[in-house]
Protein chains: 4
Amino acid sequence: MLVLANDQEHNIEVNEFKLTSRALHPENTEIKVGDNVIGGKKLAIIAGPCSVENKEQILDIAKSVKSAGATFLRGGAFKPRTSPYSFQGLEDEGIDLLKEARKITGLPIITELTSLQYLDEFVENIDIIQVGARNMQNFDMLKQLGKTKKPILLKRGLASTIEEFLLSAEYIMAGGNENVILCERGIRTFEHYTRNTLDISAIPIIKKLSHLPIIVDPSHASGIWWLIEPLSKAAIAAGADGLIIEVHNQPEIALSDGEQSIKPKRFEELMIGLRKIANIEDREI
Amino acid sequence: MLVLANDQEHNIEVNEFKLTSRALHPENTEIKVGDNVIGGKKLAIIAGPCSVENKEQILDIAKSVKSAGATFLRGGAFKPRTSPYSFQGLEDEGIDLLKEARKITGLPIITELTSLQYLDEFVENIDIIQVGARNMQNFDMLKQLGKTKKPILLKRGLASTIEEFLLSAEYIMAGGNENVILCERGIRTFEHYTRNTLDISAIPIIKKLSHLPIIVDPSHASGIWWLIEPLSKAAIAAGADGLIIEVHNQPEIALSDGEQSIKPKRFEELMIGLRKIANIEDREI
Amino acid sequence: MLVLANDQEHNIEVNEFKLTSRALHPENTEIKVGDNVIGGKKLAIIAGPCSVENKEQILDIAKSVKSAGATFLRGGAFKPRTSPYSFQGLEDEGIDLLKEARKITGLPIITELTSLQYLDEFVENIDIIQVGARNMQNFDMLKQLGKTKKPILLKRGLASTIEEFLLSAEYIMAGGNENVILCERGIRTFEHYTRNTLDISAIPIIKKLSHLPIIVDPSHASGIWWLIEPLSKAAIAAGADGLIIEVHNQPEIALSDGEQSIKPKRFEELMIGLRKIANIEDREI
Amino acid sequence: MLVLANDQEHNIEVNEFKLTSRALHPENTEIKVGDNVIGGKKLAIIAGPCSVENKEQILDIAKSVKSAGATFLRGGAFKPRTSPYSFQGLEDEGIDLLKEARKITGLPIITELTSLQYLDEFVENIDIIQVGARNMQNFDMLKQLGKTKKPILLKRGLASTIEEFLLSAEYIMAGGNENVILCERGIRTFEHYTRNTLDISAIPIIKKLSHLPIIVDPSHASGIWWLIEPLSKAAIAAGADGLIIEVHNQPEIALSDGEQSIKPKRFEELMIGLRKIANIEDREI
């Protein structure tokens, strides 16, 4: 019943995974975004706040993470929130602020698409479109994104198997868009000390099964700022192609996810530590 | 940390659940659909095939379940499938066939909305719009459905807590649509004998916390046809307001979910058994 | 990979389950305990406090549950507690008090064995020996119990599959003791509103796969007193052979599990409601 | 409800964890076993077969892992198996063979205790006594081990929270034995590509909450031999104090767990790679 390809221990059902499988595409896929490449020797370091909150905040953070070594800027403009009464994001204004931050820092921008009504706006303005964990099996969205050529960051669903995760990537690719970046962001288990449980094994498994790049989100996987460092190290040691990390200049007053965000200074120190592990793994930061 | 209302053992955070909570709305909500009411004394019995496959199939099944006591007809026209290469439904033709079945049997029809591009079509033609488990936190869809007055069948996500489930209902209600029917359809656990694990406790918990009707889907909860009878009995004994059951005239050649579908004859026998339990619970079938 | 017997949908690996499987033993096993039978037409109703606390408490509760229809008395003497600093039970004194309660009420007594050093004492004094969820795979204990002829109440482990559960029963039977009563008591999932998630499907599955009786523990499965009634009803409707329910005369000051215990008066009312469902299922209370 | 100590985000309930908590014991605990120390700068590398099968096998493997850098020899003599009909280990003969391997290689030996009837034999002959995942909450065993002075390797239960894991260590320490080594070996989740899901976050969390050493078992956590390398790297990068790895000279004919064992040659290469990461983390192999 399990997915697989290129794997003696499990059954091979290559037909279901004809585009995502490494069996039919042995080389790693490298996705170009501006001057950057995701899936190559250099790790993708995506950093920024959970939500874009105001001009000063996003510009301040963008400059900090850029100087510390980040290669992409993240920031939520349209926020998918569990409660209808929670802050839903700055929306269009957030997109404008991200563009301004890009202009100043040169960092390509990534933000989450929550509705297809904004698709054209995103295709025009955003460098990498994120599909959130709760939309991993929003097949309508996957199909529409498959018709674009935009790089897509596809987050694993909270209770999705690796097989289902790859099949969602297959949806996008089947539409004609080969620029899919996978993101492991923790799965839901009985353990409640952490917000989710980072499935570190998913990294080497996906690297073996698929040619697509896979990055890790230690912020959502743990929900705790002091776990970001050890989980980031573990992710790179396990073979991840990059990280997406929540950085906030004032986590204590963040409008969302403050407790899982680190400050720019800590992010800078983190990069120094990660470089050493990256080098051992023959990667660069 | 848990949600709650009207409950001494847990904290009350009524503000987040102001529309779904029973604390502020002590009476059961009864939702009228044609001549039927969901959430009243009479149980809602929704039956039909996983997918609408052709005219003969849907008419045949519709007549059978009607005569056995079903009060609504289900049938998938747009199918959300894990793989892009699986049968995706008859789409518009499926809607037309459902309408024809309604015309002949008088049964209101329910089918799943998978894309907002079909929203107007659904509002015009369908009696109850289903939000599938994978779209339970598709907040964009919830918001748009909140602007209609259509009854919505909201399925619980595979790994969604009861709190999150009610908050998704709150999204729809916050938009102005009070006609929400909840549906427990099994959650994902380590146990793999069944496709999912029916969370039977969710029924009495939701009845206590909320005034909204809650029904049970024993077909998806188990994935095994011979479990439908005992799980249906258990659901009614636990206080469910209805059931949604997959019935197929030829499960062995069904285009989807054949192994969890029962035949019309068995459905008829099931209804007889369920009536006895319903009567004890002061309900009717 | 799944266990099974007598089941077309799954592989049959009868050799691993040669003693527990219904395939090789089509008739239900009925286990005699004094004048009672577990697994026959009459449901086993086991009731009593989580812990035996003092003479007055256990005698009071024993008389109450007896008059309300209970057929067995439960009560913990040796308590397996998560913390070493929690109340560990009255130990030997608890056993003596249970015996006294049996003498006065005539109810056979059931209590948990936590150490093999007490095995002889239990075999001599106790009517049904309980193996707790945390010892379900204490294979040494299972082997030793297999050498006795005592009825064993084997609770399902918190994260044990149905396959593993039956294999633990197989351990006891392989030792020569055929008197195994299975008990579904909830599994551990991501849902934390309840202490555990009652796997209601396990009842009909185990009835199909095995000839052994299976009962349900709604108290531990939910951890919430007001869920005992709906879960007990659901269990009987799904085919359970009995229930084990925590009853305490003063839950608010119980030394353990007070929040999941019901009072004798409520237990009495519960029995009245359950009798109706039992009758429909052609069972008796 | 969560455990904690020395942690601003959660409540501190130091009284329940008075012996395991770092709050009251800020320095790392270092456990001496012969000339080795677990919990110090040098990582503990425990290697060997799942089961001791015969003299040639265990001696052969012991010499290989010793020369590759292992500091302890593992091997099961008494095997806890899910089925009563599976190979249960060489038992006493296995213990003798382990002792012989120790004599020849000088490696301290570690093996699992499955019954208290062997406790004296283990205390006399074995260097580190392992408590298996299925016995993590066998409180009787924990209490008895607390009365010895032997180093105990305590494996986390399949569905045990970090809080419960530390409380089981507290049981041993409350008895007077401070020599507890914790072992993360994967938890049970819905993901079935791997045998279990390695909870990598548990490493830094336990290092923060407790002064006890924690090691990782990548073999049981994954069940797949080719995942041992990336998971071992990740474990060290996340701060683990050591590893326990299944090594077999002929995995294809191993009596148990062959698919998750690596060959001596691969183990040797693994050690070379791990040394680089250990050095970065200021540790030694």
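Quick note: the coordinates plus some simple rules give every number you see, no bench work behind them. As the structure is a prediction and not an experimental result, all values here were calculated from the model. With ideal geometry, Cβ positions are generated from the backbone for all residues, glycine too; neighbour counts draw on all protein chains shown.
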Q: Starting from the Cα of D:GLU56, step 7 Å toward the Cβ, then list every residue of segment D:246-267 with an amide N under 17 Å from that point.
A: D:248-255, D:264
Q) Between C:GLU284 and the same site in the other copies, what are the distances in nm, shortest first, taking label points 7 Å from Cα along the C-beta direction? A) 3.5, 7.7, 8.4
**Q.** Segments C:69-82, D:248-261 sorted - mean Cβ within 10 Å per residue, highest first
**A.** C:69-82, D:248-261
Q: Report the semi-axes of the equivalent ellipsoid for the protein assembly as shown in whole Å, largest first, where each axis is √(5λ) for an eigenvalue λ of the Cα gyration tensor.
A: 43, 42, 27
Q.
Restricting the calculation to Cα positions, tell me the Rg (one decimal) and the Dmax (whole number) of segment D:155-194 in Å.
A. 12.4, 41
(Q) Amide H of C:HIS211 versus every other amide H placed in the peptide plane: which residues, excluding those fewer than 5 positions away on the same chain, fall under 5 Å? (A) C:ARG22
Q: Partner chain Cβ atoms within 10 Å, averaged over the residues of B:212-224 - can you pull that number for me?
A: 1
Q) Rule-of-thumb check for segment A:96-169: C-alpha Rg over 2.2 N^0.38 Å? A) 1.16
Q.
Using Stokes-Einstein with the Kirkwood hydrodynamic radius over Cα pairs, what translational diffusion coefficient do you get for segment A:236-284 at 10 °C and a viscosity of 1.306 mPa s, in µm²/s rounded to a whole number?
A. 133 µm²/s
Q | Expected-Rg normalisation [2.2 N^0.38 Å, Cα atoms] applied to segment A:176-247 | A | 1.09
Q: Let me know the mean shielding of A:83-93 by other chains, meaning the per-residue number of their Cβ atoms within 10 Å of its Cβ.
A: 4
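Could you tell me the relative contact order of segment D:19-114? Use alpha-carbon pairs under 8 Å, at least six residues apart, and round to a whole percent.
Result for segment D:19-114 is 26 percent.
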Q. How do A:TYR85, D:TYR118 line up, fewest other C-beta atoms within 10 Å first?
A. A:TYR85, D:TYR118
Q | Distance in nm between pseudo-label sites at C:GLU91 and D:LYS42 (7 Å out along the Cβ direction from Cα) | A | 4.2 nm
Q | Calculated SAXS-style log₁₀ I(q)/I(0) at q = 0.17, 0.21, 0.29 Å⁻¹ - segment A:32-99, Debye, Cα scatterers | A | -0.67, -0.89, -1.20
Q | Average partner coverage of D:168-177, which counts Cβ from other chains inside 10 Å | A | 2
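Counting alpha carbon pairs within less than 8 Å and at least 6 residues apart, what relative contact order, in whole percent, applies to segment C:87-231?
Relative CO of segment C:87-231 lands at 16 percent.
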**Q.** Hz values of 3J(HN,Hα) by residue in segment D:192-209 - Karplus curve (6.51, -1.76, 1.60), Gly and Pro given as x
**A.** 10, 5, 9, 4, 9, 10, 5, 8, 4, 4, 4, 5, x, 5, 5, 4, 6, 7
(Q) Under 10 °C and 1.306 mPa s, how fast does chain A diffuse according to Stokes-Einstein, given a Kirkwood radius computed over C-alpha pairs? Answer in µm²/s, whole number. (A) 85 µm²/s
Q) If you look at just the Cα atoms of segment A:81-227, how large are its Rg and its Dmax in Å? A) 15.6, 44
Q.
Just to verify a number: FRET efficiency for C:ASP35 and B:GLN250, C-beta to C-beta distance, R0 = 51 Å, to 0.05?
A. 0.50
Q. Which distances, shortest first and in nm, link B:LYS99 to the matching position in the other copies, using label points set 7 Å out along Cα to C-beta?
A. 4.1, 7.9, 8.6
Q. Closest to the D-onto-C rotation axis, which residue of chain D has its Cβ, and how many Å off the axis is it?
A. D:ALA159, 2
(Q) Can you compute 3J(HN,Hα) from phi for each residue in segment D:215-232, using the Karplus curve 6.51 cos²θ - 1.76 cosθ + 1.60 with θ = phi - 60°, rounded to whole Hz and x for Gly and Pro? (A) 10, 10, 10, x, 5, 6, 4, 10, x, 9, 4, 6, 8, 4, 4, x, 6, 5
Q. With each label point set 7 Å from Cα along the Cα-Cβ vector, what nm distance links B:ASN15 and B:LYS265?
A. 6.0 nm
(Q) Below 17 Å, Cα to Cα, which lysines can A:LYS32 reach? Residues fewer than 8 away in the same chain don't count. (A) A:LYS41, A:LYS42, A:LYS149, A:LYS150
(Q) Give me a comma-separated list of calculated 3J(HN,Hα) values for segment D:268-277, in order, Karplus coefficients 6.51, -1.76, 1.60 applied at θ = phi - 60°, integers in Hz, x for any Gly or Pro. (A) 4, 5, 4, 4, 4, x, 5, 4, 5, 5
Q. Hey, what did chain D get for relative contact order, percent, Cα under 8 Å, at least 6 apart?
A. 20 percent
Q) Convex hull over the alpha-carbon atoms of segment D:17-170: what's its volume per residue in Å³? A) 121 Å³
Q.
Tell me the mean residue ellipticity at 222 nm calculated for chain C from its helices only (DSSP H runs of n ≥ 4, each -39500 (n - 2.57), averaged over every residue, nearest 500).
A. -10000 deg cm²/dmol
Q.
Which aspartates and glutamates, if any, have their Cα less than 14 Å from the Cα of D:LYS79, not counting same-chain residues under 8 positions apart?
A. C:ASP140, D:GLU53, D:GLU91, D:ASP92, D:GLU93, D:GLU112, D:ASP257
